[in-house]
Amino acid sequence: MALRDLRKTSIAVGVLAAAVVSGGTAYAMTRPAQPTAQHPDVVASVADVTKGAAPVYLEADLNGRNEQTKSAHSAMGDPRGTAVELLRIKGNQVTFEITWQNLGAPTAARIHAGAAGMTGTAVIPMVTAPMSDTLTAVAGSVTVNNAGLLGRLAGNPSQYYLDMGNAKYPSGAVRGQFRRIAPVDFQRIMHVGPFAALNTGDNDARATAFLGFGATSINYAVSWTGLNSPTSFTINQGAVDMNGGRIATLFLAPHGLVPAINAVAGAVLNVPAKTIAAMKAEPAMFYTNLTTAKFPLGAVRGQLFMVPPSATTMPAPTTTMPMTTAPMKPTTTAPMKPTTTTRPTMPTQPTQPTQPVMTSPNTPAPPHW
């Protein structure tokens, strides 16, 4: 993986500061999965969602009770699962954010035409392949070149619903009708913790990652541009310009995430407490690594650093975030010995890759709910 010179990172760090600081306080954005204030359905024309018009925001609150069981289908309706989807419609772009709880790994998420109690045809697919067990949220965008459909969805959202499936309920685990809402923050899935990494790579690929550490758990969120269908996201041990062994697999998607997705969030459990303590004590000795099928050893990489918990501006990147000044290529050999004279205490075999630590469908909701 070739790393770009990060001398121009100050702009990116400024953007990062805006993303994590709100009202002078960072990471105080935990929220329950409660419905957003509702706007009544209004008649919308094609002009309401064409270029130049204000975007339309919709929300669907999903649960298993809303599923419609039909004899021709397998079992439907997960009794414990819940989910929330947000939509932003502007022009022919539909931006989405889906957050779920107690569902395991969703296998599909599609918008259907149909009123409550009715089963309708899928009109906008968003997720069409199984996702990693550690994920609890995804975000992305799809292009819909059907202004009439988007006008009807925006103007009469209660006649459309989101349906999500999982391995146990492939024909429908949870469902919810859409409704109009006020503008909403589509970055909320990124609000997971005070540790961050600005990942860079070739071809202007970029990723921004946030981490939050529990005693033996990691909440994570990562968004990217210039990449297609990431296959894994890991934390590795290693200083700047050094390759290190994987110490935590945050998500694993061997066939790649669907192209519509450009951000994910989730959690891993049962991480050794010594590993967590080491990352908190000296984050610069660790980096996040996002891979793709084209770059299986690493498409973008970024050293960890901590954002001050009550900062209103970011410190200078030269004192907060390790800077890379020369390209490097990943290797499969053991990591080089860092030049620093102090090192955090690590698990017994820090250079050996660990198996992905998967969450249970019964885990508590992550911070962004």
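The values are calculated or read from the model by the stated rules, or taken from the named source; none is laboratory data. Computed from a predicted structure; not experimentally measured. No Cβ is skipped: glycine too gets one built from the backbone with ideal geometry, and neighbour counts run over all protein chains shown. With ligands, DNA and RNA removed, areas are computed over all heavy atoms of the protein, side chains included. Shrake-Rupley method; radii C 1.70, N 1.55, O 1.52, S 1.80 Å.
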Original post:
If you rank Met285, Met76, Met118 by how much accessible surface each has, with a 1.4 Å probe, what is the order from largest down?
Top reply: Met118, Met76, Met285
Original post:
What trypsin sites (Lys or Arg not before Pro) in the stretch 120-209 are in a loop by DSSP, with at most 15 other Cβ atoms within 10 Å of the Cβ?
Top reply: Lys168
Original post:
What is the distance, in nm, between label points placed 7 Å from the Cα along the Cα-to-Cβ direction at His255 and at Ala54?
Top reply: 4.2
**OP:** Starting from the Cα of Lys294, draw a straight line to each of the aspartates and glutamates and keep only those under 16 Å, dropping any in the same chain fewer than 8 residues away.
**Re:** Asp202, Asp204
Original post:
What is the list of residues in the stretch 187-230 whose amide nitrogen lies under 20 Å from a point 7 angstrom out from the Cα of Lys280, following Cα to Cβ?
Top reply: 191-197, 210-221
Original post:
If you take the C-alpha gyration tensor of the stretch 115-227, multiply each eigenvalue by 5 and take the square root, what semi-axes do you get, largest first, in whole Å?
Top reply: 31, 19, 15
**OP:** Taking every pair of Cα atoms in the stretch 195-236, average 1/r, invert it to obtain the Kirkwood radius, and report Rg/Rh to two decimals.
**Re:** 1.01
Subject >> Percent carbon-and-sulfur accessible area, the stretch 125-177, ignoring ligands, DNA and RNA, probe 1.4 Å >> reply: 49
Original post:
Counting alpha carbon pairs within less than 8 Å and at least 6 residues apart, what relative contact order, in whole percent, applies to the stretch 151-197?
Top reply: 29
Original post:
Roughly how compact is the stretch 60-130, stated as its Cα Rg over 2.2 N^0.38 Å to two decimals?
Top reply: 1.16
Subject >> Cα-based reach from Lys274 at 18 Å (exclusive), listing aspartates and glutamates while leaving out same-chain residues under 8 positions away >> reply: Glu282
Original post:
With each pseudo-label sitting 7 Å past Cα toward Cβ, what's the Ala115-Val184 distance in nm, one decimal?
Top reply: 2.4
